[in-house]
Amino acid sequence: MLRKLYNWCIGAAGKPRAAWALGAVSFAESSFFPIPPDTMLIPMALARPDKAYYYALVCTLASVAGGVLGYAIGAFLYDSVGLWLISLYGYGDKVEAFREAYAQWGSLIILIKGVTPIPYKIVTITSGFAGYNFALFVVFSVITRGARFFLSAFLLNRYGPVAREHIEKRLGFWFTIFLIVLIGGIVAALYVM
């Protein structure tokens with residue numbers, strides 16, 4: 001199954017609508033979807049290293065746009081949709097502490113949590129709920145999400161062919177590492193927040 005999913009992503013990279021699918025996943029991940037865009041970005045950039053930076057740009061812009069939706073959910077729909085989403089990810093009892101931390105460290109929180117595997121939707125929704133400065137939220141989101149995706153693009157563009165060969169030989173191992181990092185980020189978020 002993992003091999004089929006990987007092959008589908010590699011095959012999708014050459015299709016005209018690949019960037020749209022990547023953008024949709026990036027948008028959704030920043031506001032409500034649980035799967036990070038890296039699951040598509042990495043295989044697509046491996047298949048087309050020449051388009052790695054383009055894919056990173058798509059991820060960045062779509063992620064920030066999704067972050068704006070997450071901010072709006074936190075600002076205007078927190079009592080209904082926002083609280084439900086935050087509780088769904090297990091952060092419901094930590095929101096007030098996170099809101100207080102925003103008053104003192106808001107910029108740093110956005111910058112740090114935006115590049116980690118911690119679900120970015122938690123940052124976007126809480127930013128809106130906490131009333132964090134919207135313009136600064138957008139600027140810091142562009143910086144942090146851009147840094148994350150463009151670093152991946154740089155590495156995949158530069159080492160793509162070698163990495164692809166290595167990943168394809170040991171796909172299960174690298175998928176396991178990816179899951180450990182993702183789950184580790186979520187667990188760390190539970191204890192850091």
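The values are calculated or read from the model by the stated rules, or taken from the named source; none is laboratory data. These numbers come from a predicted model, not from an experiment. Note: ideal-geometry Cβ built from the backbone for every residue, glycine included; neighbour counts use all protein chains shown. What goes into the accessible areas is simple: the full protein's heavy atoms, side chains included, and nothing from ligands, DNA or RNA. Shrake-Rupley method; radii C 1.70, N 1.55, O 1.52, S 1.80 Å.
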Task: Residue-normalised accessible area of the chain, given per residue in Å² at a 1.4 Å probe - done: 51 Å²
TODO: Would you mind checking the tilt of helix 95-113 against the longest principal axis of the Cα atoms of the chain, expressed as 0 to 90 degrees and rounded to 10?
DONE: 40 degrees
Open item on the list: Run the simple label-point estimate for Phe76 and Lys4 please: 7 Å along Cα→C-beta, distance reported in nm.
Closed with: 4.1 nm
TODO: Please give the solvent-accessible surface of Trp174 in Å², to the nearest 10, using a probe radius of 1.4 Å with every protein chain present.
DONE: 90 Å²
TODO: With a 1.4 Å probe and all protein chains in place, put Val123, Val68 in order of accessible area, largest first.
DONE: Val68, Val123
- [ ] Would you rank Lys15, Lys4 by solvent-accessible area, highest first, keeping every protein chain in place and using a 1.4 Å probe?
- [x] Lys4, Lys15
- [ ] Estimate the FRET efficiency between Trp20 and Phe154 by the formula 1/(1 + (r/R0)^6), using the beta-carbon distance for r and 30 Å for R0, to the nearest 0.05.
- [x] 0.80
Task: Calculated [θ] (222 nm, deg cm²/dmol) that DSSP helices of n ≥ 4 give over the chain, each run adding -39,500 (n - 2.57) - done: -26500 deg cm²/dmol
TODO: Might you work out the accessible area of Thr39 for me, using a 1.4 Å probe with all protein chains in place, and round it to the nearest 10 Å²?
DONE: 50 Å²
TODO: Considering only protein heavy atoms, with the full assembly of protein chains and a 1.4 angstrom probe, order Phe175, Phe76 by accessible area, largest first.
DONE: Phe76, Phe175
TODO: Counting other Cβ atoms within 10 Å, keep those with at most 16, restrict to DSSP loop, and tell me which trypsin sites (Lys or Arg not before Pro) in the range 115-173 are left.
DONE: Arg170
- [ ] Over the residues of the range 1-73, compute the C-alpha Rg and express it relative to 2.2 N^0.38 Å.
- [x] 1.09
Task: Solvent accessible area, Å² - Leu155, 1.4 Å probe, full protein context - done: 80 Å²
- [ ] Mind checking which lysines have their Cα closer than 21 Å to the Cα of Lys121? Skip sequence neighbours fewer than 8 apart in that chain.
- [x] Lys94, Lys113
